[in-house]
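Engineer: Have a look at this one.
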Amino acid sequence: MTEDLATAAEHLTAAKMFSLASCVMLFYDIAITFGDEVEKIWKQRFTGATVLWCLVRDELVLRYIIVIVSFHSSWPKSVCNRYVLYPEILKIFTACVIGVIFILRLYSIYAKNVGVLVFFTLMLLGELGTKIWAFTDGTMLQLPPGTP
């Protein structure tokens with residue numbers, strides 16, 4: 001049993017470090033590409049695609065900040081129980097926005113073929129429905145005292 005707990009703690013620590021490393025890489029990427037972002041996004045005509053890009057980028061930054069804070073916080077169980085579904089809800093939001101971007105690109109590539117639009121829209125709705133169904137029973141992970 002103690003070996004299982006040690007393995008679980010090791011995996012949990014690895015997941016936390018992976019998330020932290022991903023966050024650092026995201027902020028580094030934002031820092032080194034900020035000049036290009038200003039030129040190619042903010043100085044251009046504002047479109048619906050610009051809104052989608054901003055939603056994905058800004059939501060991702062917000063998600064990483066909140067997830068990293070939650071890893072190193074001693075939140076009470078009541079807060080944790082409210083928060084536990086937050087990352088999953090954001091994953092659904094992100095999948096929706098990215099799916100819409102891909103559908104718009106495919107619709108354009110295939111000469112505005114309505115069949116392509118309908119097919120991939122149904123695929124996206126199926127993906128989102130599956131994700132919503134899968135995360136609705138999420139619960140807080142009960143860790144033994146002293147687990148990182």
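Engineer: Restricting attention to region 97-109, does a residue exist that is at pLDDT below 85 and out of contact with any helix residue (DSSP H, G or I) (no Cβ under 8 Å at 6 or more places or on another chain)?
Structural biologist: no
Engineer: Working only within region 18-30, note down all residues that are surrounded by 11 or more Cβ atoms within 10 Å (Cβ to Cβ) and within 17 Å of PRO87 (Cβ to Cβ).
Structural biologist: If the condition is that a residue be surrounded by 11 or more Cβ atoms within 10 Å (Cβ to Cβ) and within 17 Å of PRO87 (Cβ to Cβ), then SER19, LEU20, SER22, CYS23, LEU26 are the ones that fit.
Engineer: Kindly establish whether SER78 is in contact (Cβ under 8 Å) with a residue 40 or more places away in the chain, closer than 29 Å to THR136 by Cβ and hydroxyl-bearing (Ser, Thr, Tyr). If you could, list the steps in order and put the result at the bottom.
Structural biologist: Working: in contact (Cβ under 8 Å) with a residue 40 or more places away in the chain: no; closer than 29 Å to THR136 by Cβ: yes; hydroxyl-bearing (Ser, Thr, Tyr): yes.
No, not satisfied.
Engineer: Pick from region 24-56 the residues that are modelled with pLDDT of 80 or more and closer than 30 Å to LEU12 by Cα: which of them is farthest from the chain's Cα centre (by Cα)?
Structural biologist: Looking at the filtered set, the residue picked out is ALA31.
Engineer: If we keep just the residues of region 94-106 that are surrounded by fewer than 17 Cβ atoms within 10 Å (Cβ to Cβ) and without any contact (Cβ under 8 Å) to a residue 24 or more places away in the chain, which is nearest to TYR64 (Cα to Cα)?
Structural biologist: That would be PHE102.
Engineer: So which residues in region 107-118 are exposed (fewer than 15 other Cβ atoms within 10 Å of the Cβ) and either in contact with a Cys (Cβ under 9 Å, 6 or more places away or on another chain) or under 21 Å from GLY48 (Cα atoms) (or both)?
Structural biologist: Hits for region 107-118 are SER108, ILE109, TYR110, ALA111, LYS112, ASN113, VAL114, VAL118.
Engineer: Would you say VAL84 is modelled with pLDDT of 80 or more, closer than 22 Å to LEU62 by Cβ and surrounded by 15 or more Cβ atoms within 10 Å (Cβ to Cβ)?
Structural biologist: Numbers: modelled with pLDDT of 80 or more: no; closer than 22 Å to LEU62 by Cβ: yes; surrounded by 15 or more Cβ atoms within 10 Å (Cβ to Cβ): yes.
Taking the combined requirement at face value, the residue does not satisfy it.
Engineer: Being farther than 20 Å from SER70 by Cα, assigned to a helix (DSSP H, G or I) and either at pLDDT below 95 or hydroxyl-bearing (Ser, Thr, Tyr) (or both), is that true of even one residue in region 135-148?
Structural biologist: No, region 135-148 has no match at all.
Engineer: Taking TYR64 as the residue in question, decide whether it is closer than 30 Å to THR130 by Cβ and either in a helix (DSSP H, G or I) or aliphatic (A, V, I, L, M) (or both). Spell out the reasoning first.
Structural biologist: Values: closer than 30 Å to THR130 by Cβ: yes; either in a helix (DSSP H, G or I) or aliphatic (A, V, I, L, M) (or both): yes.
Yes: the conditions hold for TYR64.
Engineer: Quick check on LEU26: is it within 14 Å of VAL97 (Cβ to Cβ) and part of a helix (DSSP H, G or I)? Talk me through it step by step, then tell me what you get.
Structural biologist: Working: within 14 Å of VAL97 (Cβ to Cβ): no; part of a helix (DSSP H, G or I): yes.
In short, no.
Engineer: Give region 31-48 a look and list any residue that's among the charged types (D, E, K, R), loosely packed, with under 13 Cβ neighbours inside 10 Å and assigned to a helix (DSSP H, G or I), or say none.
Structural biologist: Within region 31-48, the subset among the charged types (D, E, K, R) is 36-37, 39-40, 43, 45.
Add one more test, that the residue is loosely packed, with under 13 Cβ neighbours inside 10 Å, and what stays is 36, 39-40, 43, 45.
Passing the criteria: ASP36, GLU39, LYS40.
The values are calculated or read from the model by the stated rules, or taken from the named source; none is laboratory data. Fair warning: this is a prediction, and the values are worked out from it, not measured in the lab. Cβ: placed from backbone, ideal geometry, glycine included. Neighbour counts: every protein chain shown.
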